[in-house]
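Working notes, structure below.
Nothing in this text is a laboratory measurement; each read-out follows from the coordinates by a stated rule. Note that the structure is predicted; figures quoted are calculated from it, not measured. We place every Cβ from the backbone using ideal geometry, glycine too, and count neighbours over all the protein chains shown.
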Amino acid sequence: MKIKEPFILAIAFLMMPIINKAQNPVNFEMNSVTDSSHFVLNEAKGKFVVLHFLLKTECPYCLRHTHDYINRSATLPNVIQVFIKPDTEKEIVEWSGKLLDNESTKFPIYRDPEANLAKLYNIPDGYSFHGQIVHYPALIILDTEGNELFRYIGKNNTDRFSFDQLVDKMKEFTEFRSNKK
């Protein structure tokens, strides 16, 4: 029996989301630019992790987004918020200095050189912003074992997953886990 080419292409297309998730890193480590801390995914086991892929360069929406999450993050104690920028160390320090009350010392801003982690998580690039081609803003939620549960890719610099949406999404995951037991 010969399998038709369109059938193979259809199966490959349907498998793409599975393949994309399977390529996510099992572990990674990032250093903070704003303090001496570092984040290691394997050390976060037992907690949910939210990766915030912020835009490269100056972005007031990234500042607003980060500020809102920092101020409200204590309401989600079992969630680690990880803010990631692909800028140079100097650019991140300057950018984080614009956060109110020097929040960056309470919440480190991690550097993703050349957006390598964003590439591993298959965050699409090609977004033209301030004369550069950058990755789209994104949020990825990892479960307590580091597996991807959810992703939101913004369509532009103002399209972000709000903190209220995150609260609702975390309630869904918590309810699902408690119903599963």
*Return LEU117, LEU76 ranked ascending by Cβ neighbour count within 10 Å, so the fewest neighbours appear first.*
LEU76, LEU117
*Is there a pair in LYS119/LYS155; LYS98/LYS171; LYS45/LYS169; LYS98/LYS155 whose C-alpha atoms are over 28 Å apart, and which pairs would that be?*
LYS98/LYS171
*Cα-based Rg (one decimal) and Dmax (whole number) for region 23-180, in Å?*
14.8, 48
*Run the quick spin-label model on ILE133 and ASP168: label points 7 Å from Cα toward the beta carbon, then report their separation in nm to one decimal.*
3.5 nm
*With each label point set 7 Å from Cα along the Cα-Cβ vector, what nm distance links LYS155 and LEU63?*
2.6 nm
